[in-house]
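Trainee: What follows is a structure written as structure tokens; I'll ask about it next.
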Amino acid sequence: MVRTKGKSAVSSPASFEKSAAKAGADEASKERARLAKSGRYTLQRQAQKLLPEYRGLASCGRTVGYRETAPGVDIYLDKATGKAHFANLATCKSVWACPVCAHRVTEERRAELQTAVALHAMKGGKMLLMSLTFPHERNDDLKGLLKGLAKALNKVTAMRRFRRLLESVGWIGSVRALEVTHGENGWHPHVHLLLFVGPHEDAVDVVAQAHDLWAKAVHDAGLGQINEHGFDVRGGDYAAEYVAKFGKEPIQAGWTAAHELTKSPVKKGRQKASRTPFQLLEDSMNGDDQAGALFVEYVNAFKGKRQLYWSPGLRKKLGLGAEKSDEEILAEAEAQEARKAETELMGTLNGDDWGLVLSHNARGQVLAAAERGGWPGVRQLLEELKGRRPTDSGAFWWEAPLVKYYQDGMKPIGMMRTPG
Ligand SMILES: [Zn+2]
């Protein structure tokens, strides 16, 4: 067969249709991503309103770094991905309270977990997913429940029989994730343990014997008797699925975190009533004040807690570097964005522009406009916003290393007014 040069570049109608469909699907998935991002900014604003005393959260994505030349918020476009992002804004780095920061941190963590799982598989290892919880009631307060959970976890991991069970299936370590949902039985804190084990045939059945040990730990921690939902262990497919979905919030993305704990259809009815913290936040935005109060309780209880806990030595055994803190992950992600050669500064929103954007809670819309229509798209959106009635406060801080400036309205103590 004679191949003419350039033939491969000519598309047959079928492959043209295929690539057109692919382009359509790409555009649709980009639009979904934009909607989700807008959703996170909107939710973040609600969190800021519910928790005004959290200063870092209050500044996140609002406070602008002050500089003499061209003061304002920069918008960059990553040409490789087509995604726009802000720069020169404060970030709170709160993985529990802030939907925007949580998304960025968990993206990194998920990628790292996937690497860990892949490295382990390359060495012939297997994964198990163990889920642990305990009885709780409608009116239990979350702080107390978390204390109880920590106590029971300490008890079970201190048991020699527990360690021996794990070691018998070639356990080299685990990653523990702390999560909570709220349902008709109140707060439901639980942990998922990703167990890195050897190529053992009956690993699930062997580790399932830990049920009784967990039951004893829960009992000894004064938390009562576990029922059939208190302990669960599953094989590698579930572990992989858990890792693939780690931290993915169902905000406009169609995935319900509540599904992850047990996948049995029996529990479907209950899952409906079960909400993640960011779903509570969403409901509070839609007028559910009780959901708002629950979200505040959750943030206060989870503040300072670790999202993931790697058992000592596991990272080294897998050949991974030292674990990064939430702060390091975000600082590195920002530095990386800034370094990217294909990232281009589209323009800078000055103080007036930024106040306008904030007064319409339109940060996500601005980025979407930048992605769809470039800088002219951003300017056009700003003109449209000017014609609309503001829905929010446009107040924000200018922040310099030593002096804070303030723009608009309220008069803070010890701060200077914004120049110009
Ligand atoms: Zn944040």
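Read-outs: derived from the displayed coordinates by stated rules, not from any lab. Please read these numbers as outputs of a predicted model, since none were measured by experiment. For neighbour counting, all protein chains shown are included, and Cβ atoms are generated from backbone atoms with ideal geometry for every residue, glycine included.
Trainee: Give me F302, F196, F86 sorted ascending by neighbouring Cβ count inside 10 Å, so fewest comes first. Could the numbers behind the result be given before it?
Mentor: Working: F302 22, F196 26, F86 19.
So the residues, fewest neighbours to most, are F86, F302, F196.
Trainee: Whole-Hz Karplus ³J(HN,Hα) for the stretch 74-80, in order, using 6.51 cos²θ - 1.76 cosθ + 1.60 and θ = phi - 60°, x for Gly and Pro?
Mentor: My calculation for the stretch 74-80 gives 7, 10, 10, 10, 8, 5, 5 Hz in order.
Trainee: Ok, one more. So if I place +1 on the C-beta of Lys and Arg and -1 on the C-beta of Asp and Glu, and nothing else carries charge, what would the dipole magnitude of the stretch 73-115 be about its Cα centre? I want it in debye, nearest 20. Please list the in-between numbers first.
Mentor: Values: 6 positive and 5 negative charges, 13 e Å.
Dipole of the stretch 73-115, to the nearest 20 debye: 60 debye.
Trainee: Quick one: E344, E399, fewest Cβ neighbours within 10 Å first, how do they rank?
Mentor: Working: E344 12, E399 19.
Exposure proxy ranking, most exposed first: E344, E399.
Trainee: Semi-axes of the equivalent ellipsoid of the stretch 101-318: what are they in whole Å, largest first, if each equals the square root of 5 times a C-alpha gyration tensor eigenvalue? The partial results should precede the final answer.
Mentor: On the way: eigenvalues 159, 86, 48 Å².
Result for the stretch 101-318: semi-axes of 28, 21, 16 Å.
Trainee: Could I ask something else about it? Considering only DSSP states other than H, G, I, E and B, which trypsin sites (Lys or Arg not before Pro) in the stretch 338-380 qualify as loop sites with at most 14 other Cβ atoms within 10 Å? Walk me through the numbers on the way to the answer.
Mentor: Values: sites: R339, K340, R363, R372, R379; in loops: K340.
Within the stretch 338-380, the qualifying trypsin sites (Lys or Arg not before Pro) (loop, at most 14 other Cβ atoms within 10 Å) are K340.
Trainee: Check G347: other-chain or 5+ apart residues with amide H under 5 Å from its amide H, H built from backbone geometry?
Mentor: I75
Trainee: Moving on. ³J(HN,Hα) across the stretch 233-246 via Karplus (A = 6.51, B = -1.76, C = 1.60, θ = phi - 60°), whole Hz, x for Gly/Pro?
Mentor: 9, 9, x, x, 4, 5, 4, 5, 5, 4, 5, 4, 9, 3
Trainee: Based on other C-beta atoms within 10 Å, arrange S274, S284 from fewest to most.
Mentor: On the way: S274 19, S284 22.
The fewest-first ordering by Cβ neighbours comes to S274, S284.
Trainee: Using each residue's phi in the stretch 297-304, evaluate 6.51 cos²θ - 1.76 cosθ + 1.60 at θ = phi - 60° and report the 3J(HN,Hα) Karplus result to the nearest Hz, with x for Gly and Pro.
Mentor: 4, 4, 4, 4, 6, 8, 3, x
Trainee: Using only alpha-carbon positions, what ratio does the radius of gyration of the stretch 22-155 give when scaled by 2.2 N^0.38 Å? Display every interim value, and only then the final one.
Mentor: Numbers: Rg = 20.3 Å, N = 134, 2.2 N^0.38 = 14.1 Å.
Dividing the Cα Rg of the stretch 22-155 by 2.2 N^0.38 Å gives 1.43.
Trainee: Considering amide H positions built from the backbone, and no H for Pro or chain starts, which residues 5 or more places from K83, or on another chain, come under 5 Å of its amide H?
Mentor: Result for K83 returns D78.
Trainee: Whole Å is fine, so just give me how far the alpha carbon centre of the stretch 212-238 lies from that of the stretch 304-323.
Mentor: For the stretch 212-238 versus the stretch 304-323, the Cα centre distance is 24 Å.
Trainee: Which entries of K245/K305; K216/K303; K303/K324; K126/K151 show an alpha-carbon separation above 26 angstrom in the structure shown?
Mentor: K216/K303; K126/K151, as the Cα separations exceed 26 Å there.
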